[in-house]
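The values are calculated or read from the model by the stated rules, or taken from the named source; none is laboratory data. In this text, all values refer to a predicted model and were calculated from it rather than measured experimentally. Note that we place each Cβ from the backbone using ideal geometry, even for glycine, and neighbour counts take in every protein chain shown. Side chains are part of the model used for accessible areas, which takes the heavy atoms of the whole protein and leaves out ligands, DNA and RNA. Shrake-Rupley method; radii C 1.70, N 1.55, O 1.52, S 1.80 Å.
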Amino acid sequence: MAIPDGVKGAPDWLPPAAGRFDAVETAFLTTARLAGYERVRTPVFEHTEVFLRSVGESTDIVQKEMYTFRDKGDRSLTLRPEGTAGIVRAALQAGVPRTGGLPVKWSYAGEFFRHERPQAGRQRQFNQVGVEALGSDDPVLDAEVVLAGWEALRRAGLRAVTLLVNNLGDREDRADYLDRLNRYLDGVEALPPEADERRRLNPLRAFDAKAPGMAAIMAGAPLLPDHVSPAAKEHVETVLRLLDAEGVPYTVAPRLVRGLDYYTRTTFEFQAGGLGAQNAVGGGGRYDGLAEDLGWPERFPGVGWALGVDRTLLALRDAGEPSAARVAAFVVATDAELTGRAFALASALRRAGVATDLAFGGRSLKAQLKAADRSGATWALLLGPSEAERGVVTVKELRTGDQREVPAAGVVAELAGA
Ligand code: AMP
């Protein structure tokens with residue numbers, strides 16, 4: 001009988017790649033923690049409505065990519081395609097807008113699901129780390145969020161990152177501009193039908209329509225940042241001044257709309273070279289109307305980003321950094337009689353905080369030493385009959401081959417303190 005395949009577009013992460021995956025996720029989360037963002041966890045599924053109301057009916061995500069199903073209670077549920085909607089839903093449900101002490105600053109990490117055509121950098125299950133700052137209009141918060149994203153990618157080891165920033169203004173001020181854009185699109189001869197369909201749902205979606213010829217068409221379109229209110233203009237200018245002061249290079253990108261309907265004012269994307277079409281490693285922005293879209297009676301602004309772990313790893317792949325050592329010590333028993341002692345020594349080292357492994361299956365000395373090398377350990381600890389008799393352990397530095405004897409009673413303390 002054939003072994004069932006894993007689901008298409010849902011990758012398995014195995015060692016050593018899974019270790020690099022953790023390192024990237026940790027780098028992102030650490031950066032968030034250093035800026036005062038506290039970890040939250042929300043479910044991987046939500047009522048479908050949460051995404052319909054927030055991500056927006058005009059988006060590719062809602063139109064084509066959601067994993068939506070009915071549960072046994074006939075409720076429509078959807079595997080989360082992104083993080084912000086669920087986090088804001090959780091904040092509202094917990095009454096956060098009325099608890100004082102705003103903004104709250106939260107971070108998250110986990111699996112997300114979109115039914116896309118799998119290709120390099122585009123999967124059906126992928127991982128994001130995100131931050132959301134909720135309950136403040138302060139542009140300093142936007143600058144903090146953008147800077148944290150920039151720093152997070154650097155901490156993960158990514159150097160060649162391009163930051164694009166746009167100003168999408170406030171939704172209540174958009175009507176005029178959208179009329180203008182529609183008039184422009186009405187005047188385009190042979191607007192691709194797919195693009196026409198998209199703009200009927202939301203004219204801004206014409207900017208990310210992929211149909212051939214669209215880039216040239218949109219090159220002549222009126223630009224939203226030229227039509228935002230003075231307050232929105234001032235807001236994003238403040239953000240850019242703060243980024244300038246921090247020496248963060250960015251490119252103003254007046255056609256950047258990103259594939260979600262909820263963005264307002266500051267909207268940004270991080271791109272990495274070498275990834276071809278899927279070059280966005282992360283992005284985000286302000287979403288001042290999202291809470292109201294979800295049914296909250298008052299304004300409850302927010303700003304955040306999501307960085308893709310999988311795509312960052314892909315961008316790092318060419319850097320070819322060495323894989324991390326699996327353990328620090330590897331215990332080798334040269335005689336089957338000594339297996340019990342080897343096991344005890346490995347256990348004691350682990351309790352003392354030294355990552356340790358040993359060989360299994362009664363392997364030859366040669367095979368055990370090979371396993372020790374492969375583990376990436378700094379030390380092989382050799383236990384043979386002569387060592388056992390004299391109450392010592394031979395500590396071999398695997399990089400240099402140097403070895404010395406250490407009293408068995410002191411070896412754990414010595415390696416734990418090294
Ligand atoms: P978005 O939520 O669309 O703004 O995406 C934020 C980041 O998540 C992107 O820049 C990617 O790094 C990552 N991402 C989004 N969709 C996928 C996918 N289908 N496969 C892999 N990574 C993804």
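Given Arg363, Arg341, Arg351, which one is outside the structural domain of Glu25 (by TED's automatic domain parsing), loosely packed, with under 12 Cβ neighbours inside 10 Å and basic (Lys, Arg)? On inspection, the qualifying residue turns out to be Arg351. Of all the residues in the range 234-276, those that are in contact with a helix residue (DSSP H, G or I) (Cβ under 7 Å, 6 or more places away or on another chain), away from the ligand (no atom under 12 Å from the Cβ) and not in a loop (DSSP other than H, G, I, E, B) number 8.
The single residue among Val104, Val88, Val55, Val62 that is more than 16 Å from the ligand (Cβ to nearest atom) and open to solvent by less than 60 Å² (accessible area, probe 1.4 Å) turns out to be Val104.
Being within 13 Å of the chain's Cα centre (by Cα) and not basic (Lys, Arg) holds for only one residue in Val96, Val146, Val140, Val131, and it is Val131.
Here's the yes/no breakdown for (1) open to solvent by 10 Å² or more (accessible area, probe 1.4 Å); (2) touching an Asp or Glu at 6+ places or on another chain (Cβ under 8 Å); (3) modelled with pLDDT of 95 or more; (4) on the phi > 0 side of the Ramachandran plot:
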| position | (1), (2), (3), (4) |
| --- | --- |
| Ala245 | yes, no, yes, no |
| Arg265 | yes, yes, yes, yes |
| Arg286 | no, yes, yes, no |
| Gly320 | yes, no, no, yes |
| Ala324 | yes, no, no, no |
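Of all residues in the range 69-82, those that are closer than 22 Å to Gly110 by Cα have Cβ atoms under 9 Å from Cβ atoms of residues that are crowded, with 17+ Cβ neighbours inside 10 Å and basic (Lys, Arg), 6 or more apart or on another chain, in Leu79/Arg114; Pro81/Arg114; Glu82/Arg114. Being in a loop (DSSP other than H, G, I, E, B), away from the ligand (no atom under 15 Å from the Cβ) and not hydroxyl-bearing (Ser, Thr, Tyr) is not true of Gly9. Scan the range 140-163 for residues that are of a type outside the set (A, V, I, L, M, F, W, C), assigned to a helix (DSSP H, G or I) and either within 15 Å of the ligand (Cβ to nearest atom) or in contact with an Asp or Glu (Cβ under 8 Å, 6 or more places away or on another chain) (or both) and the total you get is 1. Could you list, ordered by first residue, the pairs with Cβ atoms under 6 Å in which the first is in the range 277-291 and near the ligand (Cβ under 9 Å from one of its atoms) and the second is charged (D, E, K, R), at least 6 apart or interchain? Pairs found: Gln278/Arg122; Ala280/Glu269; Val281/Arg311; Gly283/Arg258; Gly283/Glu269. Taken over the range 164-190, residues that are touching an Asp or Glu at 6+ places or on another chain (Cβ under 9 Å) and among the aromatic types (Phe, Trp, Tyr) amount to 1. Taking the range 327-386 as the region of interest, the strands (runs of 3 or more DSSP E) fully inside it that hold 1 or more residues being touching an Asp or Glu at 6+ places or on another chain (Cβ under 6 Å) are 329-333.
The single residue among Asp402, Asp373, Asp357 that is open to solvent by less than 70 Å² (accessible area, probe 1.4 Å) and either on the phi > 0 side of the Ramachandran plot or of a type in the set (D, E, K, R) (or both) turns out to be Asp357. Would it be correct to say that Gly130 is in contact (Cβ under 8 Å) with a residue 40 or more places away in the chain, buried (at least 23 other Cβ atoms within 10 Å of the Cβ) and under 16 Å from Val303 (Cα atoms)? Criteria met by Gly130.
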